[in-house]
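Notes to accompany the following structure.
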Amino acid sequence: MTTIMDIIRLLTETPLIFVSIAGLTWGILGGALPGISASITMALVLPFTYTMDPAQAIALLACVYIGAEYGGSIPAILIRTPGTNSSAATVIDGYELNRQGRAGEALGISLMSGVIGSLFGLAMLIMLTEPLSWLALAFTPASYFGLGILGLSVIASMSGGSLIKGLAAATVGLMIATVGTDPISGVTRFTFDIPDLLGGVEPVLVMVGLFALTELMSQSGSTNTTQLNQKIKIKLPSLAVMNRLKRSQFIGCVLGLFEGLTPGGGGSIAAFMSYNEAKRWSKTPHLFGKGSEEGVAAPEAANNTVASTALIPLLSFGIPSSNSTAVLLGGLLMHGLIPGPRLFEQSAQVIDSIYVGSFIAIIAQIGVGIIILPACIWLVNRPRPYRAGFIFALILSGIFTLNNSLFDLGIALALGLVGFLMRIAGFPVLPMILGVVLGHMVESSYRRSLVLSGGDHMIFLQDPIAVALLSIALIFVVFSLSREVRDARKTRIEEARS
Amino acid sequence: MRKDLISGLVLLAGAGTYYAWAGEIADSTLSDEVGAAGLPHVLAIVLAILGILLMGRTLLASQARQVAAGADDDERDARLPRAVGFLLFGAAYVILLPFVGYVIGTALLIGGIALYEGAPRTWVVPVAAIGGGIFYWAVFVKLLGVHQPAGSLVQGLF
């Protein structure tokens, strides 16, 4: 049980304060770079957390996520290019405000709405995650199998319109997870007498390869040279302005909460939904699209809320609902922290560090956001060829840090190529990452359950938690399938008409 | 659409290869009912089915959609050689790193990528490359204490 004294101790711990602010700063800088999403920003720093204290490492990643969500709004407002997917909705009115010479105000509204959204999201995270930990004591291997399947069922809603491709990517991910030593018998599988493969392929290599390297390869040859005005300064909104924006911020927070809890929801859906709802409930809907302050406040409150609330299904059930939470899940696994209920049983320190670190980052965001803006603008203005070289060198340096292994570098590069080919062929990469991350848990809990039941599969239908989790997974898959069939039918009808 | 057909074939081939490799997994006296090869065999079959489904769906798709997808596919195809070239710099880095060490290897990588990505051939390229190599070495090796290869060539010289 976490006491007030624990929180005060963590709040006053210098390393956690340093780690939180460092993570936040890195997140804002990464998020501000067009093409570098929140998940890539997290994946870039992930290898460097390998040698850190687990609690601080996870807190750092959570703070990077918070920073990246705000950072993404900077180029969205200044150059009409969202730094992250979830800041795409901010472009609409943020850039209009910039064109009217009110870029500083737009950045200030974005910053403060983000802080409000993050605080709300953090409060929800603390309130909702703790009670769920009570389930921990009742979890059996069969329950963990149900949990893994529920995590994998997210794939159905993240397959980008092709469930077959999503499932194929997930299957390949599960295949990668079988490389190494068998969790039950200790027999080696697919290692081809290579010692580096005995421990399997680390999820972090898959994430860095599929997210970061693939993105760099995709941007190769791009000639986008938009320059930012170096003299822009953030103008924080007055209390009167904040009072005017409270309705749209509230809408953003509520929708951010629901989307964060929904597997496959994510910040971009929350941002666009809250933009629409804010317009619907606004007293000045005619200003939307023409430089509305509410049009910036609502999506920014929403995507920053998601940065915290998306951690609820992750920490409670081990279900990563987005790319960024998948990276965070990779971070947890890298430090030997089993995602899901066991985390609360065995590693309460990690949970406390996430809460306290996030709180420090959210509050520090106001100061850091103002101070770091010139650095963000400077970084965005660097010529793309040099930026690509520096980011590539950073990625490779980080991967080598993991095990001092050149073999790891080769694996990550190969996975970068695989990710690029998948992108060309229209295969989503997230299901593959989920397969790698959850594969070990699914297989080992399935086989342990069968060992306990003497090979009787009814064990999965006798465990109430397993039944509940498997049922939810089935609902997700059926819902996604029906949606895909409906969309395909709609497309066929439209094609026939045209 | 042609891409989906090729993808389906690749999935089938991959499934077949993986199934064959799974057959070579050794038995163990510690093994359970499912065995170490159980899941790999199931996964191979699932992947093969998905490959067949993908090809089947593609063949049944309408001609109109094939025409619409054509332009997009060509644009993405054109990026492949360039992206592979980008990755080759990484492969060269992996090969050279044990010999030239971290600072020189990183400098070569940054300079090479900058030129490959179209940076003007001026004095800025070597300065940025060498500066970048030294900067990363100072941050990671000196400040954070992260191990990076010194390089046999550099060690031989000093």
Give the residues of region B:22-43 that are within 10 Å of A:Thr178 (Cβ to Cβ) and either open to solvent by 50 Å² or more (accessible area, probe 1.4 Å) or among the hydrophobic types (A, V, I, L, M, F, W, C) (or both), sorted by residue number.
B:Ala22, B:Ile25, B:Ala36, B:Ala37, B:Leu39, B:Leu43
Of A:Thr129, A:Thr140, which residue is within 20 Å of A:Ser324 (Cβ to Cβ) and modelled with pLDDT under 85?
A:Thr129
Only one residue in B:Gly133, B:Gly85, B:Gly112, B:Gly90 is of a type outside the set (A, V, I, L, M) and either modelled with pLDDT under 90 or closer than 20 Å to A:Asn403 by Cβ (or both). Which one?
B:Gly90
Any residue at all in region B:13-28 that is facing chain A (nearest Cβ under 8 Å) and touching a Gly at 6+ places or on another chain (Cβ under 6 Å)?
no
Filter result (more than 9 Å from chain A (Cβ to nearest Cβ), open to solvent by 60 Å² or more (accessible area, probe 1.4 Å) and among the hydrophobic types (A, V, I, L, M, F, W, C)) within region B:100-127
B:Ile104, B:Leu108, B:Trp123, B:Val127
Given (1) more than 9 Å from every other protein chain (Cβ to nearest Cβ); (2) without any contact (Cβ under 8 Å) to a residue 12 or more places away in the chain; (3) part of a helix (DSSP H, G or I), where does B:Ile130 come up short, assuming only one miss?
(2)
Residues of region A:329-344 satisfying the condition of being in contact with a Phe, Trp or Tyr (Cβ under 9 Å, 6 or more places away or on another chain) and in a helix (DSSP H, G or I)
A:Met334, A:Arg342, A:Phe344
What pairs come up if the first residue lies in region A:398-420 and is at the interface with chain B (Cβ under 7 Å from one of its Cβ atoms), the second is surrounded by 17 or more Cβ atoms within 10 Å (Cβ to Cβ) and not in a helix (DSSP H, G or I), and their beta carbons are under 7 Å apart, counting only those six or more places apart or on different chains?
A:Phe400/B:Gln148; A:Thr401/A:Tyr50; A:Thr401/B:Val146
Select, from A:Gly94, A:Gly83, the only residue that is touching a helix residue (DSSP H, G or I) at 6+ places or on another chain (Cβ under 7 Å), part of a loop (DSSP other than H, G, I, E, B) and open to solvent by less than 10 Å² (accessible area, probe 1.4 Å).
A:Gly83
For B:Arg65, indicate whether it is at pLDDT below 80, surrounded by 13 or more Cβ atoms within 10 Å (Cβ to Cβ), in a helix (DSSP H, G or I) and facing another protein chain (nearest Cβ under 10 Å).
yes
I'm checking my understanding of the structure. Among residues of region A:45-62 that are open to solvent by 10 Å² or more (accessible area, probe 1.4 Å) and either part of a helix (DSSP H, G or I) or of a type in the set (S, T, N, Q) (or both), which one is nearest to A:Ile391 (Cα to Cα)?
A:Val45
Being over 21 Å from the mean Cα position of the chain (by Cα) and under 29 Å from A:His440 (Cβ atoms): is that true of A:Gly108 here?
no
Looking at A:Leu450 and the list (1) over 23 Å from the mean Cα position of the chain (by Cα); (2) buried (at least 21 other Cβ atoms within 10 Å of the Cβ); (3) more than 11 Å from chain B (Cβ to nearest Cβ), which single condition is not satisfied?
(3)
Breaking point among (1) open to solvent by 10 Å² or more (accessible area, probe 1.4 Å); (2) under 22 Å from A:Ile433 (Cβ atoms), for A:Met42
(1)
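Yes or no, residue by residue, for (1) at pLDDT below 90; (2) surrounded by fewer than 24 Cβ atoms within 10 Å (Cβ to Cβ):
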{"residue": "A:His286", "(1), (2)": "yes, yes"}
{"residue": "A:Ser292", "(1), (2)": "no, no"}
{"residue": "A:Ser308", "(1), (2)": "yes, no"}
{"residue": "A:Ile319", "(1), (2)": "yes, no"}
{"residue": "A:Thr325", "(1), (2)": "yes, no"}
{"residue": "A:Leu329", "(1), (2)": "yes, no"}
{"residue": "A:Gln346", "(1), (2)": "yes, yes"}
{"residue": "A:Ala361", "(1), (2)": "no, no"}
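The values are calculated or read from the model by the stated rules, or taken from the named source; none is laboratory data. The structure presented is a predicted model; accordingly, all values stated were derived computationally and were not measured. No Cβ is skipped: glycine too gets one built from the backbone with ideal geometry, and neighbour counts run over all protein chains shown. Just so you know, the surface numbers come from the protein's heavy atoms only, side chains and all, with ligands and any DNA or RNA stripped out. Shrake-Rupley method; radii C 1.70, N 1.55, O 1.52, S 1.80 Å.
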